[in-house]
1. Taking all protein chains in place and a 1.4 Å probe, what share, in percent, of the accessible surface of the chain do carbon and sulfur account for?
2. Output the Kirkwood hydrodynamic radius of region 1-81, Cα pairs only, in Å rounded to one decimal.
3. Once you charge only the Cβ atoms, +1 for Lys and Arg and -1 for Asp and Glu, what is the size of the charge dipole of the chain about its Cα centre, to the nearest 20 debye?
4. Would you list the membrane-span-like helices of the chain, meaning whole DSSP H runs whose alpha-carbon atoms span at least 18 Å along their axis and whose mean Kyte-Doolittle value is at least -1.0?
5. Rg to Rh ratio, the chain, alpha-carbon atoms and Kirkwood radius?
6. Using the crude model of +1 on Lys and Arg Cβ and -1 on Asp and Glu Cβ, and no other charge, please compute the dipole size for region 2-55 relative to its Cα centre, in debye to 20.
7. Skip the ligands, DNA and RNA, and give the accessible area per residue of region 11-99 with a 1.4 Å probe, whole Å².
8. How much accessible surface does ASP117 have with a 1.4 Å probe, in Å² rounded to 10?
Amino acid sequence: PLRPDADGTAVWPRLARRRGPIGVALMDQSCVAGVGNVYRAEALWVHRIHPERPCATLSPEEWSGMWATLVTMLRAGLREGRIATVRPGDAVPDGRTRWVYKQERCARCGGTVRRWDLAGRWAYACETCQPPWPAVS
C-alpha cells in the first residue's frame, strides 16, 4: 500500500482464493506487503470485519474499501513517523490514537475488545462491531 503504483485490484484475486482468515492474510507479506498488526486490527475495525472471517467471503467492494483504508493509514503513518489510526476530527471521547489495538474498550460502541492469538500474533476485535463469522442475524 505504500508504493505509488500499488494496486489493490492486483491483490484481490490472490485474496479471494484463500480459504483462511482475512486477519492471517493481511499479515502474510506475500499477499499484502507492509501491513502490520496495528494496521490489520484498525482497518478491519473500520470496516466491521472480524479477523477470523474467511477471505473467500469478502466481496470485491469490501476489499476495495479496506485497501483504500490501508493505503490512507500506512501513508499517514509514514508521513507522520508514527502509527496513529484515529485522525484529527474523529469523534473519540478519550483522545486515544487507536480504535481497538491494545484497547480494553471499543471506541465506537464501548464494548469489550477481545484479544487472542491468531496464527502467532495477537488479534484485536470488538465482537459487537465486528461480529464473528458467520454473522449471527
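1. Values: 3850 of 7310 Å².
Here carbon and sulfur together make up 53 percent of the probe-accessible area.
2. Details: mean 1/r = 0.0800 Å⁻¹.
About 12.5 Å, per the Kirkwood formula over Cα pairs.
3. Values: 20 positive and 13 negative charges, 41 e Å.
Value, rounded to 20: 200 debye.
4. Values: long enough: 60-80 (30 Å, -0.14).
Correct list, ordered by number: 60-80.
5. Details: Rg = 14.2 Å, Rh = 15.1 Å.
Result: Rg/Rh = 0.94.
6. Details: 8 positive and 5 negative charges, 47 e Å.
The calculation lands at about 220 debye.
7. Values: 4160 Å² over 89 residues.
Value for region 11-99: 47 Å² per residue.
8. 90 Å²
The values are calculated or read from the model by the stated rules, or taken from the named source; none is laboratory data. On a predicted model such as this, the values are computed, not experimentally measured, just so you know. Cβ: placed from backbone, ideal geometry, glycine included. Neighbour counts: every protein chain shown. Only protein heavy atoms, including side chains, enter the accessible area calculation; ligands, DNA and RNA are left aside. Shrake-Rupley method; radii C 1.70, N 1.55, O 1.52, S 1.80 Å.
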